[in-house]
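The values are calculated or read from the model by the stated rules, or taken from the named source; none is laboratory data. These numbers come from a predicted model, not from an experiment. Methodologically, a virtual Cβ is constructed for each residue, glycine included, from the backbone with ideal geometry; neighbour enumeration extends over all protein chains shown. Just the protein is used for accessible areas: all its heavy atoms, side chains included, with ligands, DNA and RNA removed. Shrake-Rupley method; radii C 1.70, N 1.55, O 1.52, S 1.80 Å.
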Amino acid sequence: MADLQDHPYVAPAAPLAVGELDDSPSGAEAPAAAEVDIERARVLLAAQLVVDGHNTLAQELDRTLWHDLEHGASSLDTDIPRIRAGGVGAQFWSLHVAPDEAGSTERAVSGTLERIDAVRTLIAACPEALRLALDARQMTEARDCGRIASLLGPVAGTALGDSLGTLRAYHALGVRSVSVAGTRWTAGGLTAFGEEAVREMNRLGVLIDLSGASAATMRRVLEVTKAPVMLSRSAAGALTGHPANVADDVLRLLRANAGVCMVSFAPDQVVREGPATLRDVADHVEHVREVAGPECVGLSGSYGAATDAPHTIGLEDASCYPNLLAELLHRDWQEADIAALTWGNAARVVREAEGVAREAPYGT
């Protein structure tokens with residue numbers, strides 16, 4: 001079972017059974033089954049919040065004022081009010097710079113530094129809502145005092161510039177996750193430098209993000225790493241073929257690694273064609289849980305886009321996490337498994353990566 005020791009869990013009151021009369025003055029009948037599930041989901045989220053594995057809002061910060069995000073940004077699918085409404089207690093801020101933005105290694109590095117600065121500036125401007133978190137303890141402390149724990153990363157591996165010194169500099173600025181996809185040192189597996197980078201991430205306590213990497217790279221990273229890994233935005237490749245999704249054989253290796261696959265809500269990752277619905281996302285969550293194990297699955301809203309961009313029906317914005325949890329409750333998920341899915345598994349991976357870093361002597 002996922003390690004939930006850092007969560008002051010309070011058991012929710014039992015909901016009314018279907019058809020049971022409420023003892024309120026109105027004497028109204030209990031809500032329908034779907035309404036019971038959504039209410040149970042909200043009660044669970046009030047005690048056990050969500051860690052979101054991949055929020056792309058940093059890419060919009062140069063076009064959006066911080067006070068719009070704090071009070072509500074109607075042009076985007078995420079802002080602080082909707083993050084709170086969705087029961088999100090922590091999120092990873094993606095710092096990726098798109099290839100057309102980067103153009104060169106130097107531009108990738110400078111663009112990433114600009115993203116880090118923008119997110120840290122936003123956090124400083126919204127101290128009542130956001131708090132920078134550098135480790136699992138700070139994640140929990142932020143959540144428990146009503147702040148949204150903000151973890152920096154993933155940074156694109158291409159923005160390392162093939163330099164471990166750059167990796168260490170990012171870590172010093174607060175970055176706690178690096179994607180290995182699309183780099184020169186992960187073509188067809190891992191080069192010698194790639195293996196050094198994996199070991200250095202282990203030593204620093206930086207999570208290795210495998211989303212978007214080739215299957216060969218994923219397998220080799222899982223052979224080399226001593227710390228659990230994360231897939232920040234991957235659905236099940238067996239259900240939907242997509243470059244960011246993950247195959248079952250890798251999910252079985254993830255179980256042995258004790259890492260976590262944060263299942264993406266992005267519509268093109270959850271269906272091959274036609275509109276995507278939250279039931280499709282629930283199918284992916286259940287598939288990952290079945291293959292990788294209940295301790296290796298989490299959630300990744302992949303929010304941070306314009307409201308008119310394609311979205312999964314029922315999960316249109318960051319306030320919609322209760323809808324997905326209600327669907328899983330309707331499928332007879334136990335509350336302990338919901339708690340592991342939302343917070344416990346991701347927090348455990350962050351904590352265990354820190355443990356590996358504490359045990360690793362410099363230069364290993």
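Along the Cα→Cβ direction, 7 angstrom out, place labels at R272 and Q334. What is the inter-label distance in nm? If labels sit at R272 and Q334, their model points lie 3.5 nm apart. Loop-resident GluC sites (Glu not before Pro) (DSSP state other than H, G, I, E or B) in the range 106-141 with no more than 15 further Cβ atoms inside 10 Å of their Cβ: E128. The range 264-308 and the range 312-342 have Cα centres spaced 11 Å apart.
The range 41-93 and the range 195-238 have Cα centres lying 26 Å from one another. In whole angstrom, the chain maps to an equivalent ellipsoid with semi-axes of 33, 22, 20, each derived as √(5λ) from the alpha carbon gyration tensor and ordered largest first.
Principal-axis analysis of the Cα atoms of the chain puts helix 215-224 at an angle of about 80° to the longest axis. How high is the relative contact order of the chain, in percent, with contacts defined as C-alpha pairs under 8 Å that are six or more residues apart? Reported as a whole number, the value is 21 percent.
Take every Cα pair under 8 Å in the range 99-238 that's 6+ residues apart, average their separations, divide by the length, and report that relative contact order as a whole percent. The value is 17 percent. Inverting the pair-averaged 1/r between distinct Cα atoms of the range 197-323 gives 14.8 Å as its Kirkwood hydrodynamic radius. Between D135 and R358, the simple spin-label model (points 7 angstrom out along Cα→Cβ) gives 0.7 nm. Report the gain in length on full extension from A238 to S74: 0.36 nm times residue separation, minus Cα-Cα distance, nm rounded to one decimal. Stretched out fully, the A238 to S74 stretch lengthens by 55.5 nm. Between 0 and 90 degrees, the angle of helix 345-359 with respect to the longest Cα principal axis of the chain falls at about 30 degrees. Using a Gaussian network model of the chain in which every pair of alpha carbons under 10 angstrom is joined by a spring, one finds that among A90, A46, A227 the greatest mean-square fluctuation is at A46.
Across all Cα pairs in the range 157-249, the calculated P(r) in 5 Å bins from zero up to the longest distance comes to 3, 15, 26, 26, 17, 8, 4, 1 percent per bin. Take the Cβ atoms of D162 and D117, set R0 to 25 Å, and the FRET efficiency comes out at 0.65. Measuring nothing but protein heavy atoms, the accessible surface of the chain at 1.4 Å probe radius is 53 percent carbon and sulfur. Relative to the dominant Cα principal axis of the chain, helix 192-204 is inclined by about 50°. Structural descriptor for the range 107-170: relative contact order 30 percent, calculated from alpha carbon pairs under 8 angstrom and at least 6 residues apart.
Cut-off 10 angstrom, C-alpha nodes, Gaussian network model of the chain. Which of V229, V36, V155 fluctuates the most? Per the Cα network of the chain with a 10 Å cutoff, V36 tops the list.
Per residue, the accessible area of the chain comes to 40 Å², computed with a 1.4 Å probe over protein heavy atoms only.
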